[in-house]
Amino acid sequence: MKNHHRNNLNLAWSLRLLTLLQRSGVRDFCIAPGSRSAPLALAAEALAKQEPDVRLQVHFDERGLGFFALGLIRGSDRPVAVITTSGTAVANLLPATVEAFQSHKPLILVTADRPDELLNCGANQAIDQVGIFGTFAPTQVTFQATPDAQSIDDFDQQWSTIARQLARPLYNQGPIHINCPFRDPLYPSDTALSADQRGQCDLWLTSWPEPERPVSNALPAAIDTHEGKTLMVVLGQMSGSESSRVLEWAETHGYPVIADFGSGQRLARSANLVPYPELVIATQQGQSWLAQFDKVVQFGGRITGKRLGQWLAQGSQEYVIVTPTHQALDPSHRARHMVSDVARYCSASHPMQKTAPLPRALITRISAAVARSVQSSFSELTAISTVCEWLPQNSQLFAGNSLAIRWLDSLAPQIQGQITYCQRGASGIDGLIATTLGIATATRQPLIALLGDTSALHDLNSLALAAQCDTPLIVLITNNSGGSIFNLLPIAALAEAKRTLFQCEHHWQFANAAAMFELPYYQPTDATALTQALAQAYKKKGASIIECRFPPTEATDLYQQLIRDISE
C-alpha cells in the first residue's frame, strides 16, 4: 500500500490528512463506501495498519453512520471522523451534524468532492458541497485545489484552521467539515509518475507540520456567593465528570439536587437527589416545598422535564446557569448566565447558610402511587419500572426521545449510579439505534436502550451496525403503534386528526426486522417474561431486540391517572 500511495497523489495527500487527524486525537474513522472517496478510504486502511490504535467502522448508510460516530464521541470523549463520497451522501450527514452542534460534539466530516470542472455542468453525483452544513459546522475547510495542483504550503495553511479547532477544549469544539476535491485516478495505479509528482508524494508523506498545542480546559472560575440563600442545584445536560463533581459539591454543602436525565446522574444513589422530580413538582405540597428556595443554580442545559422547565421559567427565585460555553440555554430569558469551568465554580463559590430538607413524606407517598400504577397491568410504565429494577450495576442506560425519556425521567428511582445517556441536543427521534451502537462500541460496557416504535422505524438500517458490536446491547422497543406522545398534547382533543396526521398509527412488529439482521428477538407479555428476556439478552454478545406491545393510549392514560392520584 505504501508504494501505491507514492504512485498516486490523491492517496498520498489523503494519508497526510488522516495522519494529521490521528495525531490530533482521532482514533475512529467511520467510512461509507463510495468511489470519489476511494483515496480517503484506502488511506484510512493504510493508517490503521500503521497505527494499532486506529479503528475503522464501515456502514452503507451515511445518515446512520453520522449518528454512530456521534455515539462513539459520547462514549469515548474523543473526536471521530466520518468519510463519505460526494453528492447526497454528504447531505445525509446533516441530521447528525445538527445534533453534534447542539451538544458541542467534535464530529469531523471528511467529504470527497468533484473538481471544479465537474461542478455546475451536469456531471454525475456533483452538487455544491461548500457550506452545505451552514452554521451547524462552525469550522469549514474546502481545499481550494485538488492534490495534483496543490502546494504543501497551501495544504498546511488550510490545515492550521482545522488544527486550531481540534486544539480547543472538547466541550467547545463542535462539528468540523473538511471538503476534499479529487481528480482521477482515484484508485491505486502502477502508472509511473513524473519526478516532480513523485517528489510531491514524498512531501505529503514525510513533511509534517508542528501540532497545535492543546488549549487548557480550565476556564476562569465565576465567583458567586450563596450566603443567606436557600439554594437548589439543578443538573442539566453535561459531561459525566462535570456532573459528578457538582453532585459531590452539593453533598458537601447539603444542597438538594434535581438531576435531569441528560446529566448522567439521574440514577445515582445520593441522599441529596430529589426522587421523582417531575411528580414532586406536580403536587401542591411539592410546589410549596420548592417555594422555600430563593436561588437556583443550574449546571449545563436543555432540561427534559416539562414541569421542571416551567418552574424554572415562572419562579421568582434567583436563577443562575453555569456552563463552559457561551451558548444560550434559557428559553425563559430569565437566568443569569455564567461562563465558567464547572469544577472551579464549585471550588470558588461561597456556601449557603440555610437548607430545606427533602419532603420525605411526599416522596414516600409518590413512590407508593408509582408502585400501584405499574402493578395495575403490564403497560409501558411497567416495562420502564421493570428495567430499572433489573438494571445491573455495571450497565449503561440510554433513553430514547419522545415518551421513553419522559417515562424514565418521571418514574426511574435512584438505583446504583449507572451511567445514563440521551440525545437531547436537538431532541430528534432519528439515529437513536446508531447512537446507542456507537456508545456501546466505544465504551465496551453493556448498554440497555429504551426506544419507542417510531424511533426504531426511523433507524432500522442501523441494525446492520450490530455486527460490529461485541458487548451486550439490548434495544427495548415499546411498541404502542405510533406516536403516542401526542396523547399528552393539545391535539389529543381532535381524536381523528391526531390519529391520521400526527400519530401515524400502524400495526407493524419488529420480529422480521430482527430476523433480517440476524439478531436475537424476544416479545414478552408480562413483567416476569420481560425480566427473563432481559437476563437472556444480557448474556449475549452483540445486539438483541426486545419488543413489548401495548395499546396506543394505555400508558398515557395511566400516567395522567397517576398525576391525578398524587395531586389529590
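Of (1) of a type in the set (S, T, N, Q); (2) farther than 19 Å from SER207 by Cα; (3) part of a helix (DSSP H, G or I), THR19 satisfies all except one. Which?
Failing condition for THR19: (2).
Scan segment 540-548 and tell me whether some residue there is assigned by TED's automatic domain parsing to the domain that holds GLY482 and part of a helix (DSSP H, G or I). Before the answer, list the steps.
Residues of segment 540-548 assigned by TED's automatic domain parsing to the domain that holds GLY482: 540-548.
If we keep only those that are part of a helix (DSSP H, G or I) too, we end up with none.
So far as segment 540-548 goes, no, none of its residues is assigned by TED's automatic domain parsing to the domain that holds GLY482 and part of a helix (DSSP H, G or I).
Assuming GLY64 fulfils every condition listed in (1) at pLDDT below 95; (2) farther than 20 Å from GLN144 by Cβ apart from one, which condition is it?
Going through the list (1) at pLDDT below 95; (2) farther than 20 Å from GLN144 by Cβ, GLY64 breaks only (1).
Name, by its number, the condition in (1) within 17 Å of SER349 (Cβ to Cβ); (2) at pLDDT 85 or above; (3) hydroxyl-bearing (Ser, Thr, Tyr) that does not hold for THR225.
Every condition holds for THR225 apart from (2).
Filter segment 490-512 down to the residues that are modelled with pLDDT of 95 or more, over 28 Å from SER376 (Cα atoms) and surrounded by 14 or more Cβ atoms within 10 Å (Cβ to Cβ) and list them by number.
none
Taking interchain pairs and intrachain pairs at least six residues apart, which have beta carbon atoms under 7 angstrom, with the first residue in segment 550-568 and farther than 20 Å from SER402 by Cβ and the second crowded, with 16+ Cβ neighbours inside 10 Å and among the β-branched types (Val, Ile, Thr)?
ILE566/THR283; ILE566/ILE366; SER567/THR283
Just give me the residues in segment 400-422 being within 18 Å of GLY483 (Cβ to Cβ), touching a strand residue (DSSP E or B) at 6+ places or on another chain (Cβ under 7 Å) and assigned to a loop (DSSP other than H, G, I, E, B), in sequence order.
GLY400, SER402
Restricting the first residue to segment 201-227 and requiring it to be among the acidic types (Asp, Glu), which pairs with a second residue that is surrounded by 13 or more Cβ atoms within 10 Å (Cβ to Cβ) and assigned to a loop (DSSP other than H, G, I, E, B) meet a Cβ separation below 6 Å and a spacing of at least six or different chains?
What qualifies is GLU212/ALA167; ASP224/SER349.
Against the condition at pLDDT 95 or above, of a type in the set (Val, Ile, Thr) and farther than 22 Å from SER241 by Cα, how does ILE433 come out, does it pass?
Numbers: at pLDDT 95 or above: yes; of a type in the set (Val, Ile, Thr): yes; farther than 22 Å from SER241 by Cα: yes.
It is true that ILE433 is at pLDDT 95 or above, of a type in the set (Val, Ile, Thr) and farther than 22 Å from SER241 by Cα.
Please pick out the residue among ALA456, ALA497, ALA467 that is in a helix (DSSP H, G or I), touching a strand residue (DSSP E or B) at 6+ places or on another chain (Cβ under 7 Å) and not assigned by TED's automatic domain parsing to the domain that holds GLY64. Outline the logic, then answer.
On the way: ALA497 fails: touching a strand residue (DSSP E or B) at 6+ places or on another chain (Cβ under 7 Å); ALA467 fails: touching a strand residue (DSSP E or B) at 6+ places or on another chain (Cβ under 7 Å).
On inspection, the qualifying residue turns out to be ALA456.
Is it true that ASP113 is surrounded by 22 or more Cβ atoms within 10 Å (Cβ to Cβ) and acidic (Asp, Glu)?
On the way: surrounded by 22 or more Cβ atoms within 10 Å (Cβ to Cβ): yes; acidic (Asp, Glu): yes.
Yes.
Does GLY428 satisfy the criteria of being modelled with pLDDT under 95, touching a Lys or Arg at 6+ places or on another chain (Cβ under 7 Å) and either surrounded by 24 or more Cβ atoms within 10 Å (Cβ to Cβ) or not β-branched (Val, Ile, Thr) (or both)? Quick ask: steps written out before the conclusion?
Details: modelled with pLDDT under 95: yes; touching a Lys or Arg at 6+ places or on another chain (Cβ under 7 Å): no; either surrounded by 24 or more Cβ atoms within 10 Å (Cβ to Cβ) or not β-branched (Val, Ile, Thr) (or both): yes.
Criteria not met by GLY428.
Report yes if some residue within segment 90-97 is under 18 Å from the mean Cα position of the chain (by Cα), among the hydroxyl-bearing types (Ser, Thr, Tyr) and within 30 Å of HIS326 (Cα to Cα); otherwise report no. Walk me through how you get there before you give the answer.
From segment 90-97, those under 18 Å from the mean Cα position of the chain (by Cα) are 92-97; that's our starting set.
Filter again for among the hydroxyl-bearing types (Ser, Thr, Tyr), leaving 97.
After this cut, where a residue has to be within 30 Å of HIS326 (Cα to Cα) as well, the list is 97.
Within segment 90-97, one or more residues are under 18 Å from the mean Cα position of the chain (by Cα), among the hydroxyl-bearing types (Ser, Thr, Tyr) and within 30 Å of HIS326 (Cα to Cα).
For every residue, the table says whether it meets (1) within 20 Å of ALA399 (Cα to Cα); (2) free of Cβ contacts under 8 Å to residues at least 12 places away in the same chain; (3) part of a loop (DSSP other than H, G, I, E, B).
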position	(1), (2), (3)
PHE29	no, no, no
LEU47	no, no, no
PHE60	no, no, yes
LEU65	yes, no, no
GLY75	yes, no, no
VAL98	yes, no, no
LYS105	yes, no, yes
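Just to verify a result, which residue in segment 349-379, among those that are among the hydroxyl-bearing types (Ser, Thr, Tyr) and outside any helix (DSSP H, G or I), is modelled with the highest pLDDT?
Restricting attention to segment 349-379, the residues satisfying the condition of being among the hydroxyl-bearing types (Ser, Thr, Tyr) are 349, 355, 364, 367, 373, 376-377, 379.
Within this subset, residues satisfying the condition of being outside any helix (DSSP H, G or I) are 349, 355, 376-377, 379.
Values: SER349: 79, THR355: 77, SER376: 85, SER377: 88, SER379: 93.
Taking the candidates together, the pick is SER379.
Which condition from (1) touching a strand residue (DSSP E or B) at 6+ places or on another chain (Cβ under 6 Å); (2) crowded, with 17+ Cβ neighbours inside 10 Å is the one that ILE132 breaks?
It fails just one condition, (1).
Show me the helices (runs of 4 or more DSSP H) entirely contained within segment 266-336 in which 1 or more residues are surrounded by fewer than 16 Cβ atoms within 10 Å (Cβ to Cβ) and under 24 Å from the mean Cα position of the chain (by Cα).
Working: elements: 277-281, 284-290, 306-314.
Helices (runs of 4 or more DSSP H) meeting the threshold: 306-314.
Does segment 511-539 hold any residues that are part of a loop (DSSP other than H, G, I, E, B) and more than 20 Å from ALA371 (Cα to Cα), and which are they?
At the first step, the residues of segment 511-539 found to be part of a loop (DSSP other than H, G, I, E, B) are 517-520, 523-526, 539.
PHE517, GLU518, LEU519, PRO520, GLN523, PRO524, LYS539, listed by residue number.
If I ask for residues that are farther than 24 Å from THR364 by Cα and among the aromatic types (Phe, Trp, Tyr), which ones from segment 398-429 would you list?
PHE398, TYR421
Here's the yes/no breakdown for (1) surrounded by fewer than 20 Cβ atoms within 10 Å (Cβ to Cβ); (2) farther than 22 Å from GLY428 by Cα:
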| site | (1), (2) |
| --- | --- |
| LEU20 | yes, yes |
| ARG23 | yes, yes |
| ALA32 | no, yes |
| VAL80 | no, no |
| ALA89 | no, no |
| ALA100 | no, no |
| ILE108 | no, no |
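Look through GLY236, GLY254 and report the one residue that is among the small types (Gly, Ala, Ser) and within 28 Å of the chain's Cα centre (by Cα). Give the derivation first.
Details: GLY254 fails: within 28 Å of the chain's Cα centre (by Cα).
GLY236 is the lone residue from the list that is among the small types (Gly, Ala, Ser) and within 28 Å of the chain's Cα centre (by Cα).
The values are calculated or read from the model by the stated rules, or taken from the named source; none is laboratory data. Just so you know, these numbers come straight off a predicted model, no measurement behind them. Positions of Cβ are backbone-derived with ideal geometry, glycine not excepted, and every protein chain shown enters the neighbour counts.
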